[in-house]
1. Please find, among Ala150, Ala127, the residue that is within 19 Å of Phe251 (Cβ to Cβ) and of a type outside the set (D, E, K, R).
2. Could you list, in sequence order, the residues of the range 263-298 that are farther than 27 Å from Arg496 by Cα and among the charged types (D, E, K, R)?
3. When the residues of the range 74-89 are filtered to those that are among the aliphatic types (A, V, I, L, M) and over 10 Å from Ala150 (Cβ atoms), which remaining residue is surrounded by the most Cβ atoms within 10 Å (Cβ to Cβ)?
4. With Ala69, Ala126, Ala95 as the choices, which residue is over 18 Å from Gly202 (Cβ atoms) and within 21 Å of the chain's Cα centre (by Cα)?
5. List the pairs whose first member sits in the range 325-347 and is in contact (Cβ under 8 Å) with a residue 12 or more places away in the chain, whose second member is part of a loop (DSSP other than H, G, I, E, B) and surrounded by fewer than 20 Cβ atoms within 10 Å (Cβ to Cβ), and whose Cβ atoms are under 8 Å apart, counting only residues at least 6 apart or on separate chains?
6. May I ask you to say which residue of Val262, Val252 is in a helix (DSSP H, G or I), modelled with pLDDT of 80 or more, within 20 Å of the chain's Cα centre (by Cα) and on the phi < 0 side of the Ramachandran plot?
7. Do we find that Ala145 is out of contact with any helix residue (DSSP H, G or I) (no Cβ under 8 Å at 6 or more places or on another chain) and either surrounded by fewer than 20 Cβ atoms within 10 Å (Cβ to Cβ) or more than 20 Å from Gly81 (Cβ to Cβ) (or both) in this structure?
8. Confirm whether Ala488 is of a type in the set (A, V, I, L, M, F, W, C) and either touching a residue at least 24 places away in the same chain (Cβ under 8 Å) or farther than 30 Å from Ser450 by Cβ (or both).
Amino acid sequence: MEAAAIAPEVPASPVPAELGAELEAEAAAGAPGPVLPQEATPPVPMRSSALAPLEVPVFRMLWLAWLTANITMWMNDVAAGWLMTTLSTSTTMVALVQAASTLPVFLLGLPSGALADLLDRRRYFAATQLWVGLNAAVLAVVALADGMNAGLLLLLTFTNGIGLALRWPVFAAIVPEVVPPHHLAGALALNGVAMNLSRIIGPILAGVLLASFGSAWVFVTNTLLSLLAFVIILRWQSQQKRQSALPGERFVGAMRVGAQHVWQSPRLRGVLTRIFLFFLHSAALLSMLPLVARLLGGGAHLFTALLACQGAGAITAVMLFPRWRARFDASRFITWGPAAHAGATLLVVVAPHPAVAMLAMFVAGMAWISTANTLTVAAQMALPDWVRARGMAIYQMALMGGTAAGSALWGQVAEHLGVRWSLTASALFGLAVLAVVRKRELPSAAEDHSRAKPFSAPNPAIDIDPDEGPVMVTVEYLIDPARAAEFARVMQDTKRARLRQGALSWGLFRDSERVGRYVEYFVDENWVEHLRRQERFTAADAGLRAQRLQFHLGAHDPVVSRYLAEQATL
């Protein structure tokens with residue numbers, strides 16, 4: 001479920017020459033400084049080929065592992081979905097198969113993202129794939145022993161989803177690490193190709209095995225392919241290096257900072273809202289596809305063919321992305337993609353012949369990948385490297401949460417009104433949502449998240465233990481009262497920036513005895529977290545600080561003070 005149109009980065013605001021003295025003074029007080037001027041590097045020419053990122057050997061190897069892993073995922077979903085139709089006559093139980101597969105991603109997304117940011121990504125990625133392989137082995141053994149029932153199938157589908165929940169964030173974080181920036185959009189689109197090529201290969205392979213040998217042998221094959229992907233991942237020699245001399249983040253603290261960073265990013269929140277709503281309505285078509293195949297008079301082969309057509313449509317769209325990007329901006333993809341998917345769903349509902357339904361699924365695949373890819377790239381570009389896995393895990397939580405909720409919701413509607421009315425309702429719901437959200441444009445393009453090195457680090461006069469804290473920082477400003485409203489707007493951006501970096505709290509106070517005097521404060525959890533927040537300083541933060549200093553009118557530069565919490569004793 002990867003992305004398609006890259007959002008341009010906005011360079012940091014230049015630092016005016018007249019602010020040099022203020023910047024040096026604030027830096028001397030310990031505040032983070034702007035990026036030091038560097039020699040510009042010539043831009044890397046863009047490649048027009050959609051397959052260009054595969055020329056990077058490491059990405060090519062990991063892409064093959066990702067393709068194999070996704071083939072096993074689709075084989076498992078197809079076999080489980082079809083097996084459930086033989087174990088239960090309830091449409092809700094059939095729809096719950098997909099819900100059970102995706103719900104773990106919603107529940108475990110943030111913890112898995114934190115682990116992916118904290119642990120060695122190669123070992124963690126391999127461990128997640130091993131989990132999926134062992135789960136497939138259990139499914140195979142139970143199915144061969146003829147011991148499967150509806151409840152057990154849902155449980156094992158859920159545990160398989162746990163492996164997917166752990167695997168996706170680490171791979172999302174690895175991709176920007178192994179491809180050059182100018183290949184990022186293409187690499188993410190190729191991940192979408194892997195997902196959708198697997199949507200063709202997996203169901204076809206599963207369909208052949210289902211028709212010839214039964215579901216048990218689908219799970220056996222799934223086990224072997226999962227172990228193959230595990231071996232491919234182990235061959236990758238990760239170049240991930242620890243960039244900080246500070247102790248590693250704590251697990252719970254890492255989750256807090258990740259969630260806080262996303263919440264304080266208006267652009268990312270807008271992307272999350274759109275991806276959740278899109279999958280909330282689009283999940284109906286995929287979750288009830290086995291029942292659609294039966295309504296059209298077909299069986300496992302038609303179900304497989306419908307899935308393959310959707311995958312073929314997605315791959316076709318990815319191949320056309322370079323041409324489309326040159327003609328359309330991202331807003332076109334996230335507007336017309338959901339509309340086209342809703343239209344394709346309605347066409348499936350009224351299809352008089354399986355061939356018409358297959359054509360509709362092809363269009364649905366093109367619409368699905370166009371929307372999902374565009375929003376995934378927007379999410380990637382809104383995240384700095386240090387929190388990328390956590391941010392993308394939350395993105396995947398929104399995506400899978402929408403899928404799980406949509407599968408359960410439209411399954412219930414189908415239980416009472418029938419499959420066709422449920423699909424119709426989901427399509428109309430998607431069009432209604434689109435009419436509302438299209439009026440709310442995504443916030444401006446992503447900020448420049450390139451790392452900026454402050455002029456100087458804090459230089460305390462006392463010995464401070466790394467875990468000592470909390471740490472309160474204050475910055476005093478003297479501004480023209482006539483510009484108070486402008487200053488307040490800049491300080492709102494400052495608040496979001498401080499909290500995105502990990503501060504526990506932030507506030508701005510106005511002096512009641514001196515007109516124009518303001519005191520900003522923010523609190524870090526402890527001293528090491530205070531130092532860590534400075535390491536997260538970016539070019540965009542440097543530009544924002546320059547904006548703040550433009551308001552300062554004092555004879556002296558803004559005074560920056562740091563205070564350590566003191567435990568009072570009786």
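1. Within the list Ala150, Ala127, the selection yields Ala127.
2. Arg294
3. Per the stated criteria, the residue is Ala79.
4. The unique qualifying residue is Ala126.
5. Every condition considered, the pairs that remain are Ser331/Glu441; Thr335/Arg438.
6. Just a single option satisfies the conditions, and that option is Val262.
7. Yes, satisfied.
8. No, not satisfied.
The values are calculated or read from the model by the stated rules, or taken from the named source; none is laboratory data. Computed from a predicted structure; not experimentally measured. Don't worry about glycine lacking a Cβ; one is built from the backbone with ideal geometry, like all the others, and counts go over all protein chains shown.
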